[in-house]
Amino acid sequence: MCIALLSLGLAGCESTSEWDHRRPAAIPTSVPETPLPLTTVTVPDELPIATPAPLVAPPPPLSQIATSPPASSVSIPSSLLNHLSSILPLPAWPANWTNVWIPLEGWGKYNALGKPIQVASLSPTYEFSTSNGVVSLKIGSRIALCNGLECWLGYPPQMINGVPCIHWLDAQKNLQPWIDSAGYHFQSDRTIVIDPGHGGKDGGTKSGAQTAFEKEYTLDWALRLRTLLLRNGWKVALTRTNDLDVSLLERVAIAERANADLFLSLHFNSGLPNRALAGVETYCLTPVGLPSSLTRDYEDNLQHTYPNNAYDEQNVQIANRLHHFVVQALCSADRGVRRARFMGVLRGQNRPAVLIEAGYLSNPSEARRIASVDYRQKLAEAVAKALE
C-alpha cells in the first residue's frame, strides 16, 4: 500500500493561517504525557547543533554556506527534469550539505525544480512548483506552506549575504520527505494500532460545550475508524476499547506486540484560558538537531534521539497526508504539521507514529461540532481515506 504525497488542494475550506503570525508559536495541548525511561543517544559534541532558543539560528560564516550540487554536463529541458524528478530516485544527499545553510536555488536544482520564484519583497517569500504542489518559504518564518498546508520548520529560512538559505536539517527532514513523490509503502498484510487518547481516571480535556470529556470522543472516533479500516484490508488493534486507564508504556507495548506498521494516536485539543483557538494540528517526533514546535515546558534536548527517530521521513510523509485529509473533510482551520519530543507514545515507537489533535474542546463552537456524531464519523472517514 502506498501513501503517496499527491497534490493536496483545499478547495472549499476556509482556515486562519499562522503564516500571517496571528497566533502564538506554541499552543498548550491537552495530552498529558509522562517522560518514558528510554535510552537516549547523544550526538557527538564536535557536531555543531543549533540551539532551540532563540528560534532564529545565528547565520554561520560565509565559508559554511553550502554550495550547489555540481550541474549536469548534459542539457535537459526543464519540463523533462520536472517529470523525471517525480518518477526517479534522487541522488545521494550531497556530502557538503551537512551542518550548513543551503541556498534555496541549490536545493531547487538538487530536486530538478529550478530557481525559486520570489513572490513577495516586503517579507521575502520564495516558491517552488513541484509535482506535489507549491512550496512557499518566507524568510524569518518557521512556517512553510506545502500546497497551502502549514508545515513547521525547525529554523526560519535566512538571507545570508543576499542569498536566501534554508537550514540543512529542515531541507533534509521536513521538506525533502514532502517533495519526494515515492511516498511511504505499507506491506499488503498491514497492521495499525489506533490509540484513543486518555481513558479511565484520565479524562483528558473537558468539552467547553458539553459535560463530556475528551476520552469519550477519542474512543468513539477510534471505534468508527476501526470499522472502516477493517473493510479496507487493515489488521486493527486498539490500545483500549472501553473506558480503561492505559499507561503510556503499555500503549507503546501494545504496538510492539502487534508488530504494527503504523501507530496512530487520536486526541482533541485545549487552549485554555484562550477559548478562541480552533483547528487541526498533527504531530510527529522531532528529528535530532531540530527544535520542537511544541514543548509544554518540557526539556527539548536537540541532542537526544529516540527509537521513533529511525522513522523521521515516514512520520512526516504520513502526517502530511493525514493532516490534509482531516483538514479538508472538516473544513477546519489548518494549524499545521508540527514536531514534539515530549509525547512518549510517539518517541517510544519502533514504527511510523503520528498523533492527531482534531479540534479544540476549549472552543465552545468547535466543541459543539466535536460532540456531533456526524463530525466524528467524518473524522473516521477522512483518516480511512488517507490510509487507502
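Residues in region 270-388 average 27 Å² of solvent-accessible surface per residue, probe 1.4 Å, ligands and nucleic acids excluded.
Within the accessible area of region 126-177, what % is carbon and sulfur when the probe is 1.4 Å and the other protein chains stay in place? It would help to have the intermediate numbers written out before the result.
Numbers: 620 of 1250 Å².
Of all accessible area on region 126-177, carbon and sulfur atoms account for 50 percent.
Taking the DSSP beta bridges with both ends in region 268-388, the antiparallel portion is around 35 percent.
Does region 227-381 come out rounded, prolate or oblate, given a ≥ b ≥ c as the square roots of the eigenvalues of its C-alpha gyration tensor, rounded meaning a/c under 1.5 and, failing that, prolate meaning a/b above b/c? Please report the intermediate quantities before stating the final value.
Working: a/c = 1.60, a/b = 1.15, b/c = 1.39.
It is oblate, given that a/c is not under 1.5 and a/b is not larger than b/c.
Taking N as the number of residues in region 87-185, what is its alpha-carbon radius of gyration divided by 2.2 N^0.38 Å?
Working: Rg = 12.6 Å, N = 99, 2.2 N^0.38 = 12.6 Å.
It is 1.00.
Residues with beta-carbon under 14 Å from that of PRO196, excluding PRO196: net charge, scoring Lys, Arg +1 and Asp, Glu -1? Cβ neighbours under 14 Å give a net charge of -3. Taking amide hydrogens as placed 1.01 Å from N in the peptide plane, the amide H of THR130 sits under 5 Å from those of VAL135, each at least 5 positions away in sequence or on another chain. For region 192-343, give me the percentage of DSSP beta bridges that are antiparallel, rounded to the nearest 5 percent. In region 192-343, DSSP labels about 10 percent of beta bridges as antiparallel.
Net charge near PRO103, counting Lys/Arg +1 and Asp/Glu -1 over other residues with Cβ under 11 Å of its Cβ? Write out the running numbers ahead of the final one.
Numbers: positive: LYS109, LYS115; negative: GLU105.
Counting the neighbours of PRO103, the net charge comes to +1.
The stretch between ASN350 and ASN274 holds 23.8 nm of extra length on full extension. This uses 0.36 nm per residue minus the Cα-Cα distance.
I'd like to know how region 149-196 sits against the 2.2 N^0.38 Å rule of thumb: what's its Cα Rg over that expected value? Could the numbers behind the result be given before it?
Values: Rg = 16.4 Å, N = 48, 2.2 N^0.38 = 9.6 Å.
The value comes to 1.71.
Listed peptides 354-367, 371-384, 200-213 appear in the order 354-367, 371-384, 200-213 once ranked by packing, highest mean of other Cβ atoms within 10 Å at the front. In this structure the amide hydrogen of ASN111, modeled in the peptide plane, comes within under 5 Å of no amide hydrogen from residues 5 or more places off or on another chain.
Most tightly packed first, judged by the mean number of other beta-carbon atoms within 10 Å of their residues, the peptides 316-324, 143-151, 122-130 read 316-324, 143-151, 122-130.
For region 225-323, the fraction of 1.4 Å probe accessible surface lying on carbon and sulfur atoms is 47 percent.
Once you order the gyration tensor axes a ≥ b ≥ c over the Cα atoms, which shape class does region 128-261 get: rounded for a/c under 1.5, otherwise prolate or oblate by comparing a/b with b/c?
On the way: a/c = 2.58, a/b = 1.77, b/c = 1.46.
Here region 128-261 falls in the prolate category.
In this label model, GLU299 and ASN259 are separated by 3.6 nm, measuring between points 7 Å along each Cα→Cβ vector.
If you take all other residues with their beta carbon under 15 Å from the beta carbon of ALA371, and give Lys and Arg +1 and Asp and Glu -1, the sum is +2.
The values are calculated or read from the model by the stated rules, or taken from the named source; none is laboratory data. No experiment lies behind these values; they were computed from the predicted model shown. Heads up, the Cβs are rebuilt from the backbone with ideal geometry, glycines too, and the neighbour counts pull from every protein chain shown. To get the accessible areas, we keep the full protein, side chains included, count just its heavy atoms, and leave off ligands, DNA and RNA. Shrake-Rupley method; radii C 1.70, N 1.55, O 1.52, S 1.80 Å.
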